[in-house]
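Read the structure below first, then the notes.
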Amino acid sequence: MTNLPTTLLEAEATQFARGWVAKCQAGDWLHIGLSMLHPEAGHTQLRQILKLLAASHPFELARVIADARAGWRDADMALRELTAEILDRGGDLPAQLRAYTIEQLRPDATVAPPGPQRASHVLQDLGMVVLVLELTSRFPGLAFCGRSVRKASICSIAAVAFTEARLGRVLTADAVRKIWKSYQPAIGDLRYFKRLTLEKLPV
């Protein structure tokens, strides 16, 4: 891990990054009972989305059920929560959801092998990309991802800030660069997360 900081510019960028991550950790801006950087936040948010999808149309419900049967834990949890909420209101379960619930209650029901847990780091990654965007904008004199491990860069500063926050991940500058690259097609659609985080930061 890069030793930070070594120059005034790096010190300012590091301070900004640490403050940004701390603000993200302190607030429940998505109203899910967790900060957006909490390791479970992506799963919690995704389950809410999956519940809304499942309740919106029989075709969407069929897709969520298929994912749950394939071993996607978030889909299964979303269906269980949706079932509990409908029954608690005294409502009737849709036929597909009733059949899935009966499957899960059978004494001989087998647990599907774990499928891809797609939300493990999604909100952290989005937050990281927004932080990289801000660091790039505010500190243009820093290299994006330098070759020297002794010289700080945008990616290494973001990696240090996220790792120090003890979010369940140890990140390197190269890992941040790869996450940034994977989100390149969606950079223009991150305005919501950028506004959400930066409005909470002191000027």
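Bear in mind these aren't lab numbers, they're just calculated from the coordinates by the rules spelled out. Small disclaimer: the values here were computed from a predicted structure and weren't measured. Every residue, glycine among them, receives a Cβ derived from its backbone with ideal geometry; neighbour counts consider all protein chains shown.
Rounded if a/c is under 1.5, else prolate if a/b is larger than b/c, else oblate: which is segment 5-117, with a ≥ b ≥ c the root eigenvalues of its Cα gyration tensor? Because a/c hits 1.5 or more and a/b exceeds b/c, segment 5-117 counts as prolate. Here the Karplus curve 6.51 cos²θ - 1.76 cosθ + 1.60, taken at θ = phi - 60°, turns the phi angles of segment 7-21 into couplings of 9, 4, 4, 5, 5, 5, 5, 5, 4, 4, 4, 5, x, 5, 5 Hz, with x standing for Gly and Pro. Contact order, relative form, for segment 41-105: 28 percent (alpha carbon pairs under 8 Å, 6 or more residues apart, mean separation divided by residue count).
Residue ranges 155-161, 37-43 sort as 155-161, 37-43 when ordered by packing (mean number of other C-beta atoms within 10 Å per residue, highest first).
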